[in-house]
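Any read-out appearing in this document is the output of simple, stated calculations on the displayed coordinates, not a laboratory observation. All values reported here derive from a predicted model rather than from experimental measurement. Note that we place each Cβ from the backbone using ideal geometry, even for glycine, and neighbour counts take in every protein chain shown.
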C-alpha cells in the first residue's frame with residue numbers, strides 16, 4: 001500500500017473510532033448562567049451539538065431532586081449531581097464575555113481540580129473562549145495559569161456557527177486523545 005493510501009486508511013480508522021465513541025462520550029458544557037444571554041448561548045450551542053450526535057449536558061437543564069418538599073437543591077449540590085450521575089468525559093467551558101466575569105466557572109474549576117487533582121482536571125477540561133474576552137479582566141490569575149496547560153479554542157465573536165464548529169473540534173480532539 002502506498003504511503004498516502006496508508007495515511008487515508010489510518011484517517012478512516014480514527015474517524016470510525018471517534019464516531020463509535022461519540023455517543024458514550026459525555027460532555028458537561030459549563031459557562032456563565034448570567035446574564036441570561038450567556039446562558040441562552042450555551043443552551044443553543046448544546047442543542048446544536050446534540051443535533052450533530054454529541055452527548056451534551058447543561059446543568060441548568062437537569063432537573064434536581066428537591067432537598068425537601070419546598071426547596072430545590074443548592075447549586076453546589078446540583079453540580080455534583082450532574083458530575084456523579086452523568087460521569088462526564090469532558091468539561092467544556094464556554095466563556096463568551098468579560099463582564100460579569102464567570103465566577104461560577106472559576107468555582108467549578110476549583111471543584112474539578114479538588115476532585116481529579118491538577119493533572120487529572122487538565123486532561124478533562126477544555127476552554128472555548130470568545131476572541132473579544134479580555135482574559136485579564138474576566139479570569140483570575142489561577143485560571144490564566146491553568147490555561148497554560150489546558151487546550152483553548154478561540155472562536156469569532158457573533159458567529160454562532162463558527163463557535164459550534166470550534167466546540168465540536170474541542171470535543172473531537174478530546175475523544176481522539178482519550179482513544180489514542
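Subtract the Cα-Cα distance of residue 23 and residue 159 from 0.36 nm times their separation in residues, and report this length gain in nm to one decimal. Write down the numbers at each step before the final one.
Values: separation 136, 0.36 × 136 = 48.96 nm, distance 2.63 nm.
Computed gain between residue 23 and residue 159 is 46.3 nm.
Using alpha carbons only, how many degrees (0 to 90, rounded to 10) separate the axis of helix 75-86 from the longest principal axis of the chain?
30
Using the Cα atoms of the range 3-179 to build a convex hull, what is its mean projected area in square nanometres? Working shown, then result.
Numbers: hull surface 46.1 nm².
For the range 3-179, averaging the hull's shadow over all directions gives 11.5 nm².
At residue 74 and residue 87, where each label point lies 7 Å from the Cα along Cα→Cβ, what is the point-to-point distance in nanometres?
2.7
Taking Cα pairs under 8 Å and at least six residues apart, what relative contact order does the range 88-149 come out at, in percent?
On the way: 55 pairs, mean separation 31.1, N = 62.
Relative contact order here is 50 percent.
Work out, step by step, the length gained on full extension between residue 132 and residue 4: first 0.36 nm times the residue separation, then minus their alpha carbon distance; give nm to one decimal.
Numbers: separation 128, 0.36 × 128 = 46.08 nm, distance 3.99 nm.
Stretched out fully, the residue 132 to residue 4 stretch lengthens by 42.1 nm.
Helix-only estimate, please: 222 nm mean residue ellipticity of the chain, summing -39500 (n - 2.57) across DSSP H runs of length 4 or more and dividing by its residues, to the nearest 500.
My calculation for the chain gives -18000 deg cm²/dmol from helical runs alone.
Just need the relative contact order of the chain here, percent rounded to a whole number, with Cα pairs under 8 Å and 6+ apart. Present the calculation step by step, with values, prior to reporting the outcome.
Details: 220 pairs, mean separation 42.5, N = 180.
Answer for the chain is 24 percent.
To the nearest 10 degrees, how steep is helix 3-22 against the longest Cα principal axis of the chain, on a 0 to 90 scale?
Approximately 30 degrees, to the nearest 10.
In whole Å, what is the distance between the alpha-carbon centres of the range 4-44 and the range 76-139?
17
If you fit an axis through the alpha-carbon atoms of helix 160-179 and take the longest principal axis of the Cα set of the chain, what angle between them do you get, 0 to 90°, nearest 10?
Tilt of helix 160-179: around 70 degrees.
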